[in-house]
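Inspection log for the structure reproduced underneath, given as structure tokens.
Laboratory data are not the source of any read-out in this text; all were calculated from the coordinates shown. Please read these numbers as outputs of a predicted model, since none were measured by experiment. For neighbour counting, all protein chains shown are included, and Cβ atoms are generated from backbone atoms with ideal geometry for every residue, glycine included.
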Amino acid sequence: MTATTDQFKHKGHHTYSRHHCVGPPPPTPKVGDVYFDASASKYWMFTDDAGWAKVAKRQVKGKSFRSGAGVPAATLEAPKVGDVHFDTVAKVYYIFYGNSGWKRAVDGENATELPLQRHPKYQNEICFVEGKWIHRRTLRGHLKAAGVRRRSPSVELVSPPPSKRARVVSPPPLPPTIEAPSLNVPPNANDFAVWVRSLRERWHTSPATLSQVQFEKGLRIFNALEQKGGDARRLTLDHPSGEACTLLGKPDRAGPPPTMSMLMVDLWCSNGDANTSDSITNLTEVNVRPAEVYQQQHDFLSGKPLLPGARLLVAFDIPATKDGMLRSQYGTGPFVAGKDAIISASSTTLAFPSTITYPHMDGVGCGMHIVHWAGQKLWLFWPPTESNLYKMRRTRTSVIDISGACELIQSLDGLEVAWFGEDDMAECAFILAPNTIHCCLTFTESSHYGASVRSVRFMPGVAELFRIDAEWMETVLWGMAIDDEEKGKIVEKFVEQMGYWIDLARVLPEGSPMQSNILSFIQRSWARVKCMAISFDVDGPDF
């Protein structure tokens with residue numbers, strides 16, 4: 001069969017291209033790639049929505065680029081986010097995700113089935129059905145015409161019954177039952193690869209197998225860790241200190257041990273205000289009700305496999321209340337609020353088996369005091385060196401996939417790892433230095449409690465972190481081919497982080513050297529981003 005291309009429109013959005021040919025889609029440029037047409041002295045940039053587009057010279061300041069005579073190759077054929085590719089031999093669809101490239105559609109998606117995959121940009125608003133995008137409001141009519149019994153859109157998008165819509169993917173076969181070794185005392189403490197293999201065995205026998213797609217992602221991460229080799233540092237209570245993370249051991253707790261019922265009280269009181277994401281797509285989910293989180297918890301406890309196309313919810317930043325997690329009265333030592341530190345309100349994260357968070361950072365200059373108190377989880381940490389921060393730039397403006405995550409795991413320097421959930425690490429406090437890059441794999445339902453910290457203990461390193469971030473915004477972000485609204489949000493968050501450090505300066509002795517140092521690096525940072533802030537209508541810090 002020869003290659004063919006057609007187009008289809010979705011009301012209110014772009015015209016999408018649909019390619020039919022043998023094999024998967026070819027490699028594509030990355031968003032932000034620059035090409036210089038020497039014959040016409042014009043710059044082109046590869047963008048999220050329009051493919052190759054002409055841009056002004058100022059927009060490519062600081063970027064490397066290829067050059068040649070004429071427009072860039074495949075100018076008209078360059079894909080847009082949401083374009084579709086159909087492999088006529090394998091009978092599978094691929095969807096273009098912008099900077100993440102082409103991704104194969106969910107298992108079972110072909111020309112005769114009706115899975116519901118969300119759009120990479122517009123999310124729940126439109127769904128992928130039978131090779132094209134359909135608006136959620138018209139979904140019922142389409143399914144009825146196709147002979148599928150009508151159901152509520154929310155049920156269709158979350159947990160479709162296997163008998164009507166989707167093939168249940170059985171979890172992979174388990175290896176022979178073994179007595180798993182304690183992961184805090186590996187068979188060979190000097191052999192990191194042996195320890196990683198023991199983790200992989202635990203992954204095979206954990207509830208993570210209930211999600212086929214997440215289980216396979218986890219195996220890819222273990223492969224990346226094994227290839228990483230012996231330069232990793234394994235943190236234990238016997239060797240608790242690293243550049244990125246420091247284990248504190250048994251936390252200072254004046255109240256009763258935390259329980260899942262305490263956390264459920266907090267989740268219910270949050271009334272949907274807790275930040276929630278889908279671990280499968282690594283995208284934020286909005287308007288998630290506590291009942292949906294409870295339902296997913298029940299499904300995992302019942303051993304129910306996660307269906308193709310369903311979400312894997314992760315509840316972040318569940319505010320702690322006096323009737324919930326605050327009853328445990330965890331301390332935040334060695335930090336003293338109002339004296340040498342500013343400490344945010346405490347909150348809790350609840351993650352279900354097979355949850356994976358890719359390498360990421362919290363706000364610039366933001367350290368963390370965390371208590372792991374439930375479940376089994378592997379944490380990976382990297383220090384925020386300038387080289388590592390450079391490698392993390394692409395995560396600032398785009399969502400990476402599992403391939404991108406594994407690339408980072410192998411390329412980032414200074415890996416530190418910690419296994420929580422057993423022995424003395426079952427309830428364990430630890431500190432993350434500001435801008436620590438971290439990644440997590442959840443083996444069983446797990447939870448950690450914590451707070452953001454800005455402290456004089458993190459000086460003078462924080463001043464350098466602000467300098468690097470301000471320089472990136474000034475020289476790179478300003479010219480990137482992303483929406484101004486997105487740029488404005490990044491600048492606004494940066495200014496917000498400056499405000500926390502100004503608050504810390506105010507609690508220090510007036511005129512003290514530390515107060516002067518903090519205000520000085522904040523003023524330098526503001527001077528570098530002030531023009532951007534004005535352009536994007538972002539208010540400056542309150543000095």
Compute the distance in nm between two label points, each set 7 Å from the Cα along the Cα-to-Cβ direction, one at Arg197 and one at Asp539. 5.9
On a C-alpha basis, how far is the centre of region 211-226 from the centre of region 302-343 in Å? Whole number, if you could? 25
Evaluate the distance, in nm, between pseudo-label points positioned 7 Å from the Cα of Glu407 and of Glu243 along their respective Cα→Cβ axes. 2.3
Rounded to the nearest 0.05, what FRET efficiency is calculated for Ala291 and Lys57 with R0 set to 45 Å and r the Cβ-Cβ distance? 0.25
At R0 = 51 Å, how high is the FRET efficiency between Glu422 and Glu510 if r is their beta carbon distance? Nearest 0.05 is fine. 0.60
Quick one: grab the alpha carbon gyration tensor of region 288-443, order the square roots of its eigenvalues as a ≥ b ≥ c, and give me rounded if a/c is under 1.5, else prolate or oblate depending on whether a/b is larger than b/c. oblate
Quick check: net charge around Arg253, other residues with Cβ under 15 Å of its Cβ, Lys/Arg +1 and Asp/Glu -1? -1
Would you mind working out the magnitude of the charge dipole of region 419-543 relative to its Cα centre, with +1 at each Lys and Arg C-beta and -1 at each Asp and Glu C-beta, to the nearest 20 Debye? 600
Can you give the net charge of the other residues whose Cβ lies under 13 Å from the Cβ of Arg233, counting K and R as +1 and D and E as -1? -3
Asp483-Asn271 pseudo-label distance in nm [points 7 Å out on the Cα-to-Cβ vector]: 2.8
At 0.36 nm per residue, and after removing the present C-alpha to C-alpha distance, how many nm does the segment from His298 to Glu464 gain when stretched out fully? 55.2 nm
Decide, for region 427-511, between rounded, prolate and oblate: order the square roots of the alpha carbon gyration tensor eigenvalues as a ≥ b ≥ c, take rounded if a/c falls under 1.5, and otherwise choose prolate if a/b is larger than b/c, else oblate. oblate
Subtract the Cα-Cα distance of Arg253 and Arg528 from 0.36 nm times their separation in residues, and report this length gain in nm to one decimal. 94.7 nm
